[in-house]
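Structure record follows, encoded as structure tokens.
We did not get these values from a lab; they are worked out from the coordinates using the rules stated. The structure displayed is predicted, hence computed values, not measured ones. Don't worry about glycine lacking a Cβ; one is built from the backbone with ideal geometry, like all the others, and counts go over all protein chains shown.
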Amino acid sequence: MPGKLKVKIVAGRHLPVMDRASDLTDAFVEVKFGNTTFKTDVYLKSLNPQWNSEWFKFEVDDEDLQDEPLQITVLDHDTYSANDAIGKVYIDIDPLLYSEAATVISGWFPIYDTIHGIRGEINVVVKVDLFNDLNRFRQSSCGVKFFCTTSIPKCYRAVIIHGFVEELVVNEDPEYQWIDRIRTPRASNEARQRLISLMSGELQRKIGLKVLEMRGNAVVGYLQCFDLEGESGLVVRAIGTACTLDKLSSPAAFLPACNSPSKEMKEIPFNEDPNPNTHSSGPSTPLKNQTYSFSPSKSYSRQSSSSDTDLSLTPKTGMGSGSAGKEGGPFKALLRQQTQSALEQREFPFFTLTAFPPGFLVHVGGVVSARSVKLLDRIHNPDEPETRDAWWAEIRQEIKSHAKALGCHAVVGYSESTSICEEVCILSASGTAAVLNPRFLQDGTVEGCLEQRLEENLPTRCGFCHIPYDELNMPFPAHLTYCYNCRKQKVPDVLFTTIDLPTDATVIGKGCLIQARLCRLKKKAQAEANATAISNLLPFMEYEVHTQLMNKLKLKGMNALFGLRIQITVGENMLMGLASATGVYLAALPTPGGIQIAGKTPNDGSYEQHISHMQKKINDTIAKNKELYEINPPEISEEIIGSPIPEPRQRSRLLRSQSESSDEVTELDLSHGKKDAFVLEIDDTDAMEDVHSLLTDVPPPSGFYSCNTEIMPGINNWTSEIQMFTSVRVIRLSSLNLTNQALNKNFNDLCENLLKSLYFKLRSMIPCCLCHVNFTVSLPEDELIQVTVTAVAITFDKNQALQTTKTPVEKSLQRASTDNEELLQFPLELCSDSLPSHPFPPAKATSVDYSSFADRCSSWIELIKLKAQTIRRGSIKTTMTVEKASPVGDGNFRNRSAPPCANSTVGVVKMTPLSFIPGAKITKYLGIINMFFIRETTSLREEGGVSGFLHAFIAEVFAMVRAHVAALGGNAVVSYIMKQCVFMENPNKNQAQCLINVSGDAVVFVRESDLEVVSSQQPTTNCQSSCTEGEVTT
Amino acid sequence: MTSELDIFVGNTTLIDEDVYRLWLDGYSVTDAVALRVRSGILEQTGATAAVLQSDTMDHYRTFHMLERLLHAPPKLLHQLIFQIPPSRQALLIERYYAFDEAFVREVLGKKLSKGTKKDLDDISTKTGITLKSCRRQFDNFKRVFKVVEEMRGSLVDNIQQHFLLSDRLARDYAAIVFFANNRFETGKKKLQYLSFGDFAFCAELMIQNWTLGADLKELKVLVADKDLLDLHKSLVCTALRGKLGVFSEMEANFKNLSRGLVNVAAKLTHNKDVRDLFVDLVEKFVEPCRSDHWPLSDVRFFLNQYSASVHSLDGFRHQALWDRYMGTLRGCLLRLYHD
């Protein structure tokens, strides 16, 4: 009995009227945990009941504490008939189970009903007393911290990054067919909500156990998903990265680590001097010999092949294809040995992180992905979800072997997803093949400052671009050049990754969101035939998505993609592909060649003319984009770089056993040959269409930037205003003569119009950037396409860039020329920045002005506090001197509104999909937020139709997330993600239903301006580091 | 390709003041879009009409959802569904409760009942204010009236506490409630020249200084007792001789004016007759003076002297009552005395 859960029900407010006669409610509350239920007294005739209950105490196992949610039900007492439920609150008490997080959950929670939505609020206090229990056989994993954030959380330090953890649990879905059911909608929805809550708890506990086994204490990049498989059940699965984290004690200590573009710890393995502190056991200069091969396209090679053909009708027992891993011989370099020894114990050397501690990422190979089409069958024994496990194991194995083929021993930025339609399911996994620094992967890696000093003199910021594979034995042809930064290593011409841009990467100009969109019609079919049809279509879709991405990237004049996410969605009669990524110009990579159009039939004169016209348009677009994104790569002459291209290297090994996947690679050559200019052959109307569609993408209006990564490359002067939003659109296709082309156009328009609407809506925030733009596509019905976008708009200050960059520029005058180059970028940037005229009249009286909203709020709260004090002192003064013309002054206003409950001010809770809050420091992580809601209506028209229904529901979900964060004592949720938004409607029955799953990390942040003492120390640290750097490099 | 569903939900609720105005003014989405197009927003932003349509719909939906909360503004402050910065909340409330001068003049002093609500159609046609907007304004009046009707304490304070309005707007609402409660007649043709501001000014004076049930009948002696009336007249005339441009007119009219002013007081004791207060004031005082072209300064002189001279009437025992009555009445009359 290692825990005591204590709950107190304080009060309710804004309850709905349950008794029409009196216009009042006789409310009481049931508090349930596990199988124990307590009740409060009935508070008669009030919409604002004050129960002020005793402490309800539950004595429970910590296993239950982890699995079970606390369930609070508010009811209306009825003497003569059954009590009516008003609504429920589920509270996940997990955050109370580890010491560093929240100690108490206390606050107003929206009372939620799956039919009526939010119906008032209830004030609850929850505490947990945990007894220390050293039971060896314990099944709980209390104390393991979970983070959705896909980087090392800001106030922690990674001691060891253990690696991949995964788990899945399955269950029968209590009621997936919501339209024709026996139970009442409310009962069935609540059963589902509760089940999913239980399953998530169980899943988290199981993952926690795995982490403890690995001797870690945290999971970072925790991603939990639901597969609503319909008849075959409900799967909840999660992946994450197990770590051992150390809390950084004082905020001053972590500031430099988090903020200064990390100059420490670069590429130890490349150190010419044997570094005593790395775990090297052999000669220390092997890596020059290690020449790998690469093409970014590699990632798109037909990796889906092995599994999408076998349909898992004959389950494989041997774990897939990976023979590559066992290859040995002289080729293996030191680094490889080290890291492999560290990684080989792991079944899957995968990391869900997208941003890494400095020095962790050594090389990046490219994107690896695998898809597999499966037929869902009933899960007979939920306790042994072997089939689903085997499916994922297969895919992971494939990913692993693809990574090997790219000369990489690990996969970073790893994620998994599914798309389900009827009984067909596409499983997808993708990540970025990488070579990692073993330092973080092993025990006993707590190094002193000495090592960091030594490492600082390594100038390379381009290391991650260098190819990790064998140049002479590339999986397929690619264009390699010497790195434009260091001139020592080879780099590919284009780099695709699923990770965030490393903070120390040198980028020229700004980045931009690049999307490839694609639809393919498919015949309606059943079971195996359907699965086969889908499998056959997949490689073509991958190919086309890749081609589109490549074309658009070139059109932008850029050479690398970060945060690449390709979603393939399956519907009854079509497949949709949507790839989003952030394009940048990496200084280390060569300037991309243009796009050249070549006609197939050169004899026709007018055709020729048309071609040349198109060519001109494309060239103009590229030129325009270069200007727009400020891509002015410096002319690098050999003198400046000063490092001659090294002698051809000695190859220690040319032979390499081909892995299964590299065999496949040759089947489908996605590299488009190796040519300086990218040639588009227009051989039919389809190709023409493609070229046209390339040119239809409109750049965002001036003052706007967008990206799908955490930070926008090229913008670093964020101001504090943020606006997170979700936008959903559903379009109905006219079913008449649907062609692929028409479909593509519809889909393209849908996405483009959605973006245009976002830019328009957020125009008052200009200059601003949409970050972490996350598109999700689903096909709820035959002719419906649903696109859901979540992103955050962040304002930035154009002028401030000067101030913030000045200091480093001055301080680093003595630095190497490569560094100077990078820093010089900023002044250049500014010149061009100030030129474009403002598209909207600035600060027009009518425009929505949200600027300094946060500041206003905080000052408002200050004011209330002041007022509260003065009131307590007994000098109540009703201010009557408001300026007549203006709207009410805040403080004044608030003072009068003094409600029955004195401190019921609704605190502002920020939400963002990013892992940070601009202009603020995260001082505490309070725990993971993982919430699942179902909302249903049988009066769709009355609730404003589908738009009204979903609008209200999403607003309610936001509200419930904010309330939980506030009750934990937090003021923001970071790494927020809406993982699922499943919307179904039946307008004929006036019904609709929606399921939403969201997650994120509840945090406490403090504005930087409030941290003056701390921040004043920062420049000193910066100075020191740059000084030392200067000394070493000269 | 048609949009089945199209929504935007921000963690901070986006409020577009321009669209809010259009919504409050009762325009349909289509009309609002047309008006926005006319404002040149498309050219300014490079947006398309479809974008504008989607944006307008979205804002309208938000406002529709907020409307329920705006009916009880403290709820807007404490609700959790919409995260709105306090300054925006204030703006939403203030604008929602703001009303049109033309509308309020039509409704002022009328019973806020269903009957009046039925007349909103006509008011809408007459004023050019959309019916929707008329309904909102009328419902606001009625809602505020219902809430504060039975409350004790300062009317303005009660309104401010329950509706979180600015001081100015709360005072206006106090006037509206006061007028609705007393059912003052304001619609007569001869009262048309008066603005809402004039009435609100008078209402405020009356709320502050007058209490119901005071025995104003006692004042009647001032005109009923012929000696007292003559004495009063001679006191005023003596004091004002040579100081008033319209002296002779005043002298000739004194008894009528005095009778008018004192009778108003007497009528105030009968609830039924209270309604005619403004009609009486205009008929019995403002119009006679205006027809004789009294300048405002002379009106002020006269009223001061008229009021003060009563102190010298030995037979009159209700000095305090008189001062309270005339103090307010003088203020009102001076405000009402214009073209």
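Rounded to the nearest 0.05, what FRET efficiency do B:Leu321 and B:Gln192 give with R0 = 41 Å and r taken as the Cβ-Cβ distance? Could you check?
On the way: r = 33 Å, r/R0 = 0.80.
After rounding to 0.05, the efficiency reads 0.80.
Give the share of C-alpha pairs in each 5 angstrom bin for the range B:166-231, from 0 to the last occupied bin, in whole percents, shortest bins first.
3, 14, 18, 17, 13, 14, 11, 6, 2, 1, 0
Quick one: net charge around B:Arg183, please, counting Lys, Arg +1 and Asp, Glu -1 for every other residue with C-beta under 12 Å from its C-beta.
Working: positive: B:Lys110, B:Lys111, B:Lys272, B:Arg275; negative: B:Glu185, B:Asp273, B:Asp276.
Counting the neighbours of B:Arg183, the net charge comes to +1.
Amide H of A:Gln567: which non-local residues (sequence gap of 5 or more, or other chain) have their own amide H closer than 5 Å, using H built in the peptide plane?
Amide H to amide H, under 5 Å and 5 or more residues apart or across chains, A:Gln567 pairs with A:Leu578, A:Ala579, A:Ser580.
For the range B:74-228, compute Rg over Rh where Rg is the Cα radius of gyration and Rh is the Kirkwood radius from the inverse mean 1/r over Cα pairs.
1.06
For A:Asn536 and A:Thr36, FRET efficiency with R0 = 56 Å and r from the beta-carbon atoms, rounded to 0.05?
FRET efficiency, A:Thr36 to A:Asn536: 0.55.
Would you mind computing the Rg to Rh ratio of chain B from its alpha-carbon coordinates, Kirkwood style for Rh?
Details: Rg = 25.6 Å, Rh = 23.1 Å.
Checking Rg against Rh, the ratio lands at 1.11.
Under 11 Å from the Cβ of B:His270, count the other residues' Cβ atoms, weight Lys and Arg +1, Asp and Glu -1, and hand me the total.
+2
Averaged across B:59-70, how many Cβ atoms of other chains sit within 10 Å of each residue's Cβ atom?
2
Tell me what chain B gives for mean residue ellipticity at 222 nm when only DSSP H runs of n ≥ 4 count, each as -39,500 (n - 2.57), the sum divided by the residue total, rounded to 500 deg cm²/dmol.
After summing the helix terms and dividing by residue count, I get -20000 deg cm²/dmol.
If amide H atoms are built 1.01 Å from N in the plane of the peptide, which residues on other chains or at least 5 residues away come under 5 Å of the amide H of A:His77?
Result for A:His77 returns A:Asp26, A:Ala27, A:Phe28.
Compute the helix-to-body angle for B:167-182: its Cα long axis versus the longest principal axis of chain B, expressed 0 to 90° and rounded to tens.
Around 60 degrees separate the two axes.
According to the Kirkwood expression over distinct Cα-Cα pairs, how big is the hydrodynamic radius of the range A:467-622, in Å?
Details: mean 1/r = 0.0552 Å⁻¹.
Result for the range A:467-622, one decimal place: 18.1 Å.
With unit charges on the beta carbons (Lys and Arg positive, Asp and Glu negative) and the dipole taken about the Cα centre of the range B:218-335, which residue among B:Ser258, B:Leu244, B:Met326 sits farthest to the positive side?
The listed residue farthest towards the positive side: B:Met326.
Roughly what would the spin-label model give for A:Ser612 and A:Asp389, points 7 Å off Cα along C-beta, in nm?
Label-label distance for A:Ser612 and A:Asp389, simple model: 6.7 nm.
Per 10 Å bin, what is the whole-percent P(r) computed from every C-alpha pair distance within the range A:15-82?
Calculated over all Cα pairs of the range A:15-82, the distribution is 19, 42, 25, 12, 2 percent.
For the range B:249-258, just list the computed ³J(HN,Hα) in residue order, Karplus coefficients 6.51, -1.76 and 1.60, θ = phi - 60°, integers in Hz, with x standing in for Gly and Pro.
Whole-Hz 3J(HN,Hα) from phi for the range B:249-258: 4, 5, 4, 5, 9, 3, 5, 4, 4, 4.
So, in nm, how far is label A:Glu942 from label B:Arg259 when the simple model puts each one 7 Å beyond its Cα toward the Cβ?
6.4 nm
Grab the alpha carbons of the range B:1-158, take their convex hull, and tell me the volume per residue in Å³. Spell out each step's value before the answer.
Values: hull volume 24.0 nm³, N = 158.
Here the figure is 152 Å³ per residue.
Any idea what the relative contact order of chain B is, in percent, if you count C-alpha pairs under 8 Å spaced at least 6 apart? Can you show the working numbers first?
Numbers: 334 pairs, mean separation 52.5, N = 339.
That works out to 15 percent.
Short version: ³J(HN,Hα) in whole Hz for each residue of the range B:137-149, in order, from phi by Karplus 6.51 cos²θ - 1.76 cosθ + 1.60 (θ = phi - 60°), x for Gly and Pro, what are they?
5, 5, 5, 4, 4, 5, 5, 4, 4, 4, 5, 9, 3
What are the ³J(HN,Hα) values, in whole Hz, obtained from phi via the Karplus relation 6.51 cos²θ - 1.76 cosθ + 1.60 with θ = phi - 60°, for each residue of the range A:229-239 in sequence order, with x given for Gly and Pro?
7, x, 4, 7, x, 10, 10, 10, 10, 8, 10
Could you give the nm distance between label points at B:Asn209 and B:Thr130, where each point is 7 Å from its Cα heading toward the beta carbon?
Inter-label distance under the simple model: 4.3 nm.
Give the residue list of trypsin sites (Lys or Arg not before Pro) in the range A:194-227 that are DSSP loop and have at most 16 other beta-carbon atoms within 10 angstrom.
When the trypsin sites (Lys or Arg not before Pro) of the range A:194-227 are filtered for loop state and at most 16 Cβ neighbours within 10 Å, A:Arg215 remain.
Would you kindly work out the equivalent ellipsoid of the range B:175-306 from its C-alpha gyration tensor and give its semi-axes, the square roots of five times the eigenvalues, largest first in whole Å?
26, 19, 12
Across bins of 5 angstrom width beginning at 0, how are the C-alpha pair distances of the range A:925-970 distributed, in whole percent?
5, 20, 24, 17, 13, 10, 7, 4, 0
Taking H placed 1.01 Å from N in the peptide plane, check which residues at least 5 places from A:Gly107 or on another chain put their amide H under 5 Å from its amide H.
Amide H neighbours of A:Gly107, under 5 Å, 5+ apart: A:Val124.
How much net charge surrounds A:His772 when only the other residues with a Cβ under 13 Å from the Cβ of A:His772 are counted, with Lys and Arg +1 and Asp and Glu -1?
-1
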